[in-house]
Amino acid sequence: ILNVEQSPQSLHVQEGDSTNFTCSFPSSNFYALHWYRWETAKSPEALFVMTLNGDEKKKGRISATLNTKEGYSYLYIKGSQPEDSATYLCAFMIKAAGNKLTFGGGTRVLVKP
Amino acid sequence: DGGITQSPKYLFRKEGQNVTLSCEQNLNHDAMYWYRQDPGQGLRLIYYSQIVNDFQKGDIAEGYSVSREKKESFPLTVTSAQKNPTAFYLCASRGQRDNTEAFFGQGTRLTVV
């Protein structure tokens with residue numbers, strides 16, 4: 001079983017503050033790293049798919065970086081808003097496992113007005 | 001509209017009965033996945049399929065079975081051998097290119113009494 005670790009498990013952020021959290025994954029045989037946002041009563045939706053070491057992706061106030069050599073990715077939320085409250089999931093793929101997509105436990109973010 | 005549909009949304013079954021959860025997609029995706037979520041946990045992979053008539057066990061396949069007779073459909077059967085079947089089940093699909101994200105259904109909440 002591939003271990004994909006996310007930390008912290010949960011965090012509370014004051015509206016307007018910026019925050020970040022981590023996804024750690026095995027660095028060998030890296031293929032792709034996905035980030036998803038999962039809001040209550042909705043389906044998970046993709047934020048980013050990252051495949052290259054040093055990748056940086058941005059969507060609005062949310063951005064992500066990737067370090068495949070050391071096996072981690074950071075997700076950043078700048079100027080958090082209440083609508084950013086959700087669980088953020090990362091998922092990992094390795095070359096040897098074809099399309100296997102393994103998720104971490106998620107980071108639950110609550111933005112307080 | 002293209003999408004992925006799971007049915008039913010809620011399902012109740014008596015202990016010892018097999019039950020089949022439906023997942024259909026019209027996105028022309030080759031890869032399909034079944035995940036399970038328990039309270040306070042992330043998504044755990046049950047089975048995945050990369051192509052019609054082929055599927056692989058995920059990390060928690062015991063007590064489950066799947067079939068992939070058509071590209072559009074990937075039903076999951078929860079058998080009586082599954083010791084703790086009560087959970088939220090999510091189906092996903094994904095294209096085969098490196099940088100494509102997964103798309104998720106709305107989920108089925110299964111309660112076994």
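The values are calculated or read from the model by the stated rules, or taken from the named source; none is laboratory data. Predicted model only: the values in this text are computed from it and were never measured. Note: ideal-geometry Cβ built from the backbone for every residue, glycine included; neighbour counts use all protein chains shown. The protein model used for the area step is the full one, side chains on, heavy atoms only, and it has no ligands, DNA or RNA in it. Shrake-Rupley method; radii C 1.70, N 1.55, O 1.52, S 1.80 Å.
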Considering Cα pairs under 8 angstrom that are at least six residues apart, work out the relative contact order of chain B and quote it in whole percent. 34
Along the positive direction of the dipole of the protein assembly as shown (beta-carbon charges: Lys, Arg +1; Asp, Glu -1; about the Cα centre), which of B:Gly63, A:Phe48, A:Ala64 reaches farthest? B:Gly63
For the B:Thr77, A:Glu56 Cβ pair and Förster radius 41 Å, calculated FRET efficiency rounded to 0.05 is 0.45
For a Förster distance of 35 Å, can you work out the FRET efficiency between the beta-carbons of B:Gln56 and B:Ser7, rounded to the nearest 0.05? 0.90
May I ask you to list the lysines whose Cα is less than 16 Å away from that of A:Lys112, ignoring any residue fewer than eight positions away on the same chain? A:Lys78
Give me the one-decimal nm value for the distance between modelled label points at B:Arg97 and A:Glu5, 7 Å along each residue's Cα-to-Cβ direction. 3.5
Considering every residue in B:47-56, what mean count of other chain Cβ atoms within 10 Å of its Cβ is obtained? 2
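Ordering A:His12, A:His34, B:His29 from largest to smallest accessible area (1.4 angstrom probe), what's the sequence?
A:His12, B:His29, A:His34
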Coil-residue trypsin sites (Lys or Arg not before Pro) of region B:58-100, DSSP, other Cβ within 10 Å capped at 13: B:Lys83, B:Arg97
Treating cross-link reach as a plain straight distance, find the lysines whose alpha-carbon is under 27 Å from the alpha-carbon of B:Lys71, omitting any fewer than eight places away in the same chain. A:Lys42, A:Lys95, A:Lys100, B:Lys9, B:Lys57
Might you report the magnitude of the Cβ-based charge dipole of chain B about its Cα centre, with Lys and Arg at +1 and Asp and Glu at -1, to the nearest 20 debye? 320
Rounded to the nearest 20 debye, what is the charge dipole size of the protein assembly as shown about its Cα centre when +1 sits on each Lys and Arg Cβ and -1 on each Asp and Glu Cβ? 220
Taking A:Glu83, A:Glu15 and ranking on accessible area (1.4 Å, protein atoms only), highest first, one gets A:Glu83, A:Glu15
Over the whole of A:78-90, what's the average partner chain Cβ count within 10 Å per residue? Rounded to a whole number, please. 0
Let me spell out the model: positive unit charges on the Cβ of Lys and Arg, negative unit charges on the Cβ of Asp and Glu, origin at the Cα centre of chain A. What dipole size does that give, in debye rounded to 20? 200
